[in-house]
Amino acid sequence: MKIYDSNTAPNPRRVRMFLAEKGIHIPYEQVDLGKAVNREPAFRQKNPLMTVPVLELDDGTCIAETVAICRYFEELHPNPPLLGTDTKDRALVEMWQRRMELELLLPIADAFRQRHEFFKGKIRQVPEYAAAQKLNAEERLVWLNDVMASRPFIAGDRYSIADITAVVAIDFGRVSKIGIQPDQPHLKRWHDAVSARPSAKA
Ligand SMILES: N[C@@H](CCC(=O)N[C@@H](CS)C(=O)NCC(=O)O)C(=O)O
């Protein structure tokens, strides 16, 4: 079993943090995105969408998509639970995880992908869309600061995958000058707390 990884990209970091929280050690193989190794035929066979992370099982099965990989490990190693504890909690964690992915990580990723040289010739780029998504991400941070006024973690009382997605998104925002503002103390308090966990170094 191994994980195709990139130590500079946000989605693979989500998986590394998830596994670090659970104390699971899996071999990682770096995929050089700069040299477009992910676009070569050998990697396309593992993931036709040409993205990392990808979990390759010993029987050759390849599982892409960050949350699918996390779910695989959650079922094998339920403790500590990072995808919720019971029916209601699992639904709430999923709600917050999807919000962090769709409302925060996606605009922050677009603010980079849609304008940066790195993706030139690789994807269709619309620089105006990068600018619009930067504004959308900044708006979401205002909203999230209000949310965090009344809870320790994104999905409530317990650290979960939603915190992982959110902290990875916000940290990646740095390359597009998107970040927590001085008038967002609740978000800063949460960010300081989750960044102090050993998993944040993963
Ligand atoms: N929905 C996918 C997104 C994966 C993704 O976008 N991975 C990026 C790195 S963060 C990638 O491999 N980009 C390389 C490229 O597009 O060339 C997931 O959750 O795993």
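Read-outs throughout are calculated quantities, based only on the coordinates presented, and are distinct from any laboratory measurement. All values derive from a computational prediction rather than experimental measurement. Every residue, glycine as well, gets a Cβ built from its backbone with ideal geometry; the counts of neighbours run over all protein chains shown.
In this calculation the C-beta distance from Asp86 to Glu117 is compared with R0 = 41 Å, giving a FRET efficiency of 0.30. When you filter the trypsin sites (Lys or Arg not before Pro) in the range 45-148 for DSSP loop state and at most 12 other Cβ atoms inside 10 Å of their Cβ, you are left with Lys120, Arg124. Taking the chain as a Gaussian network of alpha-carbon nodes connected by springs under 10 Å, the highest mean-square fluctuation of the residues Ser150, Ser160, Ser176 belongs to Ser150. Largest GNM mean-square fluctuation across Thr66, Thr85, Thr165, computed for the chain with C-alpha springs under 10 Å, falls on Thr85. Spatial offset of the range 54-76 relative to the range 110-141 amounts to 29 Å, using the alpha carbon center of each. Pairs of Lys residues in the chain, spaced 8 or more positions apart or belonging to different chains, with C-alpha separations under 27 angstrom: 27 in total.
Considering only beta bridges that DSSP places wholly inside the chain, some 70 percent are antiparallel.
Between the listed residues Ala196, Pro152, Trp96, the Cα displaced farthest toward the positive end of the dipole of the range 87-201, a dipole computed from Cβ unit charges relative to the Cα centre, is found at Ala196. Of all the options Asn145, Asn79, Asn136, the one that moves most in a Gaussian network model of the chain with Cα springs shorter than 10 angstrom is Asn79.
Relative contact order of the chain, taken over Cα pairs closer than 8 Å and 6 or more residues apart, is 22 percent. Overall shape: oblate for the chain, with the ratio a/c of the largest to smallest alpha carbon gyration tensor axis at 1.5 or above and b/c at least equal to a/b.
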